[in-house]
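Visitor: My structure is below; once you've seen it, I'll send some questions.
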Amino acid sequence: MFTSWGVETTEKFTPERLHEILEELEDTGSYGIILRAKGIVENADGSWIHFDYVPGEENIRAGAAGVTGRVCVIGSKLKEDSIRALFGV
């Protein structure tokens, strides 16, 4: 069975940090079986970053501004506390 975890956040990220986070999601022992992650978050420079992730593939790009950051992770046996800590929220 699949579940989803989502959060709104005011945390700021850099594209490099998002890349590190998305790579870390490959660790099924720490985070569960992640099938997809997506979101829009504020960049450290004030612009906005959109991202999409499926195992083995990520897409991080500049995008339109949001009101607040949002992150959604979809998978199985999600370890929500670990995912929350990874994103710093």
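The values are calculated or read from the model by the stated rules, or taken from the named source; none is laboratory data. Keep in mind that what you see is a predicted model, and the values were worked out from it rather than measured. Cβ coordinates were reconstructed from backbone atoms using ideal geometry, including for glycine residues, and neighbour counts include every protein chain displayed. Calculation scope for accessible area: heavy atoms of the full protein, side chains included, ligands and nucleic acids excluded. Shrake-Rupley method; radii C 1.70, N 1.55, O 1.52, S 1.80 Å.
Visitor: If I ask for residues that are within 12 Å of the chain's Cα centre (by Cα) and farther than 13 Å from Leu25 by Cβ, which ones from region 66-79 would you list?
Guide: Gly69, Arg70
So that you can scan it fast, the table gives a plain yes or no per residue for (1) at pLDDT 95 or above; (2) farther than 14 Å from Gly6 by Cβ:
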{"residue": "Val41", "(1), (2)": "yes, no"}
{"residue": "Ala44", "(1), (2)": "no, yes"}
{"residue": "Val54", "(1), (2)": "yes, yes"}
{"residue": "Ala65", "(1), (2)": "no, yes"}
{"residue": "Val71", "(1), (2)": "yes, no"}
{"residue": "Ile74", "(1), (2)": "yes, no"}
{"residue": "Leu78", "(1), (2)": "yes, no"}
{"residue": "Ala85", "(1), (2)": "yes, yes"}
{"residue": "Val89", "(1), (2)": "no, no"}
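Visitor: Within region 59-89, how many residues are acidic (Asp, Glu) and in contact (Cβ under 8 Å) with a residue 40 or more places away in the chain?
Guide: So the first thing to find is which residues in region 59-89 are acidic (Asp, Glu), and the list is 80-81.
Subsequent filtering for residues that are in contact (Cβ under 8 Å) with a residue 40 or more places away in the chain retains 80.
Residues flagged as acidic (Asp, Glu) and in contact (Cβ under 8 Å) with a residue 40 or more places away in the chain within region 59-89 amount to 1.
Visitor: Looking only at region 24-38, which residues are hydrophobic (A, V, I, L, M, F, W, C) and within 15 Å of Gly88 (Cβ to Cβ)?
Guide: Leu25, Ala37
Visitor: Show the residue pairs meeting these rules: Cβ distance below 7 Å; 6+ apart or different chains; first residue within region 24-35 and more than 9 Å from Ile83 (Cβ to Cβ) and of a type in the set (D, E, K, R); second residue open to solvent by 40 Å² or more (accessible area, probe 1.4 Å) and outside any helix (DSSP H, G or I).
Guide: These pairs meet every condition: Glu26/Pro55.
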